[in-house]
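Each remark here refers to the structure printed beneath this line.
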Amino acid sequence: EAGVTTAHEGATHLPQFQTIRRASEAGANIIDVVAYPFITEVDKVLAEFPRTEWGKYQKRFKIGGVKITLDGSPQGRTAFFTTPYLTGGPGGEKNWKGEPTFPQKFANDMLKRVYDMNVPLTAHCNGDAAADQFIRAVRLATAKYGPGDRRPVMIHAQTVREDQLDAMKELGIIPSFFGMHTYYWGDWHRDSVLGPERAARISPAASALRRGIPFTQHHDAPVALPSAIMVLFSQVNRVTRSGEVLGPEQR
């Protein structure tokens with residue numbers, strides 16, 4: 001009904017894998033489910049799901065790759081930025097830019113682990129500082145393992161800058177934008193979180209398109225409920241709840 005035939009289950013932990021597998025074996029899946037274990041769970045998952053089984057559907061379920069989370073969310077004021085939030089941090093902090101989930105060296109090491117496994121990778125990056133972390137880590141891993149058709153995905157990529165999009169094209173990083181932010185939180189981002197200039201560039205899909213960068217859109221359920229039409233509506237129109245257009249040049 002929502003126009004969805006495959007679900008990407010990101011940052012999956014072992015108990016969730018076990019639940020999804022039981023559902024699959026019972027024939028309960030009405031759509032395909034692709035799960036990505038969180039980086040800190042990889043060893044636990046490998047002990048129960050050998051690497052040789054990854055990437056293969058079994059009763060509409062497969063392990064797709066590995067998930068890394070490098071920051072939080074702009075609406076929670078936990079995304080990691082290079083410039084401060086408009087009105088401070090979640091606890092009233094001044095000059096608040098958010099914080100990374102992991103330091104750069106740990107991000108570099110995690111990425112090299114995934115490249116060594118030779119499996120797909122998705123990385124959660126909302127703020128541009130988190131995107132910088134991921135781009136640096138991909139560049140280092142690519143230098144070590146050489147170029148290849150890996151297609152690393154930057155999940156959300158909500159506030160990537162123009163120079164970052166240039167680097168993403170060079171490195172083959174695919175952005176998966178959360179375009180419905182323009183509708184659900186666009187007014188708030190503009191007035192209370194990011195300010196007009198950064199808010200106008202939330203999910204800059206048109207900038208990606210102009211560079212010939214392939215991109216996808218997602219709704220991040222249950223943050224926003226599944227609706228293929230709403231995903232399209234938000235990206236094409238960029239209309240906020242108050243009826244204003246947020247960043248028309250990015251439609």
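The values are calculated or read from the model by the stated rules, or taken from the named source; none is laboratory data. All of these numbers come straight from a predicted model, not from anything done at the bench. When we count neighbours, we look across all protein chains shown, and the Cβ atoms used for this are built from the backbone with ideal geometry, even at glycine. These accessible areas exclude ligands, DNA and RNA; they are computed on the full protein's heavy atoms, side chains included. Shrake-Rupley method; radii C 1.70, N 1.55, O 1.52, S 1.80 Å.
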Problem set entry | Tally of residues being under 21 Å from the mean Cα position of the chain (by Cα) and acidic (D, E) across region 1-44 | 3
Problem set entry | Selection within region 89-107 - open to solvent by 70 Å² or more (accessible area, probe 1.4 Å) and either part of a helix (DSSP H, G or I) or among the aromatic types (F, W, Y) (or both) | K105, F106
For this session: Inspect all residues belonging to region 60-67 and state whether any of them is open to solvent by 30 Å² or more (accessible area, probe 1.4 Å), assigned to a loop (DSSP other than H, G, I, E, B) and modelled with pLDDT under 95.
Result: no
Exercise. Is it the case that D220 is of a type in the set (D, E), surrounded by fewer than 21 Cβ atoms within 10 Å (Cβ to Cβ) and in a loop (DSSP other than H, G, I, E, B)?
Worked result: yes
For this session: Residues being touching a residue at least 24 places away in the same chain (Cβ under 8 Å) and assigned to a helix (DSSP H, G or I): count how many of those fall in region 238-251.
Result: 2
Exercise. Is it true that G172 is buried (at least 24 other Cβ atoms within 10 Å of the Cβ) and at pLDDT 95 or above?
Worked result: no
For this session: Report yes if some residue within region 235-251 is under 18 Å from the mean Cα position of the chain (by Cα), open to solvent by 40 Å² or more (accessible area, probe 1.4 Å) and more than 21 Å from D132 (Cα to Cα); otherwise report no.
Result: no
Exercise. In region 21-41, which residues are out of contact with any strand residue (DSSP E or B) (no Cβ under 6 Å at 6 or more places or on another chain), of a type outside the set (S, T, Y) and in a helix (DSSP H, G or I)?
Worked result: R21, R22, A23, E25, E41
Problem set entry | Residue ID - nearest to I174 (Cα to Cα), chosen from residues in region 140-157 that are out of contact with any Pro (no Cβ under 8 Å at 6 or more places or on another chain) and surrounded by 16 or more Cβ atoms within 10 Å (Cβ to Cβ) | I155
Problem set entry | Residue in region 153-161 that is in contact (Cβ under 8 Å) with a residue 40 or more places away in the chain, of a type in the set (G, A, S), closer than 21 Å to F81 by Cα and in contact with a strand residue (DSSP E or B) (Cβ under 8 Å, 6 or more places away or on another chain) present | yes
For this session: Would you mind finding the one in L225, L232 that is assigned to a loop (DSSP other than H, G, I, E, B) and of a type in the set (A, V, I, L, M, F, W, C)?
Result: L225
Exercise. Mind checking which residues of region 119-140 are hydrophobic (A, V, I, L, M, F, W, C) and within 22 Å of P37 (Cα to Cα)?
Worked result: V119, L121, A123, C125, A130, A131, F134, I135, A137, V138
